[in-house]
Amino acid sequence: MLRDDTPLPIGQVTLYDDAGDASPARVLISALGDLYDPGPAPEDGPLALRTATSVVDPPFFGNGDIGRLAVCTAVNALAATGALPRRLALAAVVEAGLPSVLLHRAAGSVREAVREAGVRVAAVDARVVRAGEVDQLALMATAFGVFTRPPLDASALRPGDRVLLSAPLGSHAVHVLSLRAGLGYEYHVPSDAAPLAGLVEGVRAALPPDAVRAAGAVAEGGLAAVLREFASRSGHAVRVDEYALPVPYGAREAFDVLGLDPLYAAGAGCLCLVVAPEAEPAALTALRAHRAGRLATAVGWIGGTARGVVEVRALDGTVTPVRAEGELDGGPARLL
């Protein structure tokens, strides 16, 4: 979105805008205002960082865009380690010919997401490339943070631990895929892109030490990728109940039309957490107290018939292993 004090831009980004006051980097810095702080970040614990490269087709969609997506993806990946985000570094690649209004829209979205995440931006870089060398706009974000509590690591998982989801699955993927295909579901299923560091910290603060075992951001590869990482790191089986997986009605209908599995749907505002069994009620209460976790639910547990695998139990009791993306019929399940 555009800031109230930003005049409506006209024209297009050109190769000549690669430097100077009209450069994409200056547009981002100007939009950030007081959220741009190139000074050193305060150090109050061991350093953590995560980097995310965001590309999406289309890069500008109904209730968001690549600017918001880039910030949320990096911040959420860092939050899943148990660290508190403090700073971001941003890099953009802009296609010559991009309407200037879209560049300003993305810059405004970056500012809003940065503000929501409670961080500041320490560095910005951008380059303009020839038309056709990138699809309008690509953004890279690196999130820096500190550990004020012990890091979260899936190797700490124990049999009997509970698997929780902070939000429904598939909203972001359905929104973008429907928009791309012209299906119309995007009007009923908005993208769920949101920064979730406060959600993780809220749950950890509400529970005894070590009650939160691990967390994973449901992003590229969907919930299946997170659960497979949990199983691989811990050596334990992870089992989820198919009927417990939260998928909005509109999204489920869209997945049926597209012939896709919600387990593999890319997300942008959902975390998977594993907690000690006795902590499940308190963890769900803490999740639901956060605006991004109002629909949090339990979907499974650690333990199953085999070690290091992910299994889905159907309503009739049938248990099916979750396969990797490349093993799926028809090729990888990359949705975005």
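Inside the stretch 83-102, can you point out the residues that are under 22 Å from ALA123 (Cα atoms) and assigned to a strand (DSSP E or B)?
LEU84, PRO85, ARG86, ARG87, LEU88, ALA89, LEU90, ALA91, ALA92, VAL93, VAL94, GLU95 - these are the residues of the stretch 83-102 that are under 22 Å from ALA123 (Cα atoms) and assigned to a strand (DSSP E or B).
Across the stretch 106-132, what is the number of residues that are open to solvent by 40 Å² or more (accessible area, probe 1.4 Å), touching a residue at least 40 places away in the same chain (Cβ under 8 Å) and in a loop (DSSP other than H, G, I, E, B)?
Number of matching residues: 2.
With LEU260, LEU273, LEU336 as the choices, which residue is under 23 Å from LEU78 (Cβ atoms), at pLDDT below 90 and not β-branched (Val, Ile, Thr)?
LEU336
For the stretch 133-171, which residues satisfy the criterion of being more than 19 Å from ALA48 (Cα to Cα), of a type outside the set (Asp, Glu) and open to solvent by 70 Å² or more (accessible area, probe 1.4 Å)?
ARG158, PRO159, ARG162
Output the number of residues of the stretch 269-290 satisfying the condition of being touching a Gly at 6+ places or on another chain (Cβ under 9 Å) and surrounded by fewer than 16 Cβ atoms within 10 Å (Cβ to Cβ).
The qualifying residues number 2.
Confirm whether THR51 is open to solvent by 10 Å² or more (accessible area, probe 1.4 Å), touching a residue at least 60 places away in the same chain (Cβ under 8 Å) and not in a strand (DSSP E or B).
No; evaluated as a whole, the condition is false for this residue.
Determine, yes or no, whether ARG294 is closer than 14 Å to ASP192 by Cβ, open to solvent by 20 Å² or more (accessible area, probe 1.4 Å) and modelled with pLDDT of 95 or more.
For ARG294, the condition - closer than 14 Å to ASP192 by Cβ, open to solvent by 20 Å² or more (accessible area, probe 1.4 Å) and modelled with pLDDT of 95 or more - is met.
The values are calculated or read from the model by the stated rules, or taken from the named source; none is laboratory data. What you see is a predicted model, and the numbers here were worked out from it, not measured in a lab. Every residue, glycine as well, gets a Cβ built from its backbone with ideal geometry; the counts of neighbours run over all protein chains shown. Only protein heavy atoms, including side chains, enter the accessible area calculation; ligands, DNA and RNA are left aside. Shrake-Rupley method; radii C 1.70, N 1.55, O 1.52, S 1.80 Å.
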